[in-house]
Amino acid sequence: MEHICQHCRALLSSGIRSPYHLSISQLSNSELIKCDLCEAYLLREQGNTELLQAPSFTPSARDCTPSRVESSSLGHRH
Ligand SMILES: [Zn+2]
């Protein structure tokens, strides 16, 4: 199984979207979604959701990387 969070699992299995799922781009009948929690990329298409890219977990690099994407400010990160 891929290293995706429970929210992505829920989205993939039952289409339940969480606030962590950010819409990156929207086309006519498909949507590119990035998970803000586990950083997976998902493609939503006509009601179906598939995993485009699983996140690669590097916990140590994650914590000490200052150039973390801050532009996608959801406001819930402190
Ligand atoms: Zn996720």
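All conditions but one from (1) at pLDDT 95 or above; (2) surrounded by fewer than 12 Cβ atoms within 10 Å (Cβ to Cβ) apply to Gly47; the one that does not is (1). Scanning the stretch 29-49 for residues that are assigned to a strand (DSSP E or B), among the hydrophobic types (A, V, I, L, M, F, W, C) and in contact with a His (Cβ under 8 Å, 6 or more places away or on another chain) turns up Ile33, Cys35, Leu42.
For the stretch 1-28, which positions are part of a loop (DSSP other than H, G, I, E, B), surrounded by 14 or more Cβ atoms within 10 Å (Cβ to Cβ) and either more than 10 Å from the ligand (Cβ to nearest atom) or not small (Gly, Ala, Ser) (or both)? Step through it out loud before you land on a result.
Within the stretch 1-28, the subset part of a loop (DSSP other than H, G, I, E, B) is 1-5, 15-20, 27-28.
So of that shortlist, the ones also surrounded by 14 or more Cβ atoms within 10 Å (Cβ to Cβ) come out as 4-5, 17-18, 20.
Passing the criteria: Ile4, Cys5, Arg17, Tyr20.
The values are calculated or read from the model by the stated rules, or taken from the named source; none is laboratory data. Just so it is clear, the model here is predicted, and its values are computed rather than measured. Don't worry about glycine lacking a Cβ; one is built from the backbone with ideal geometry, like all the others, and counts go over all protein chains shown.
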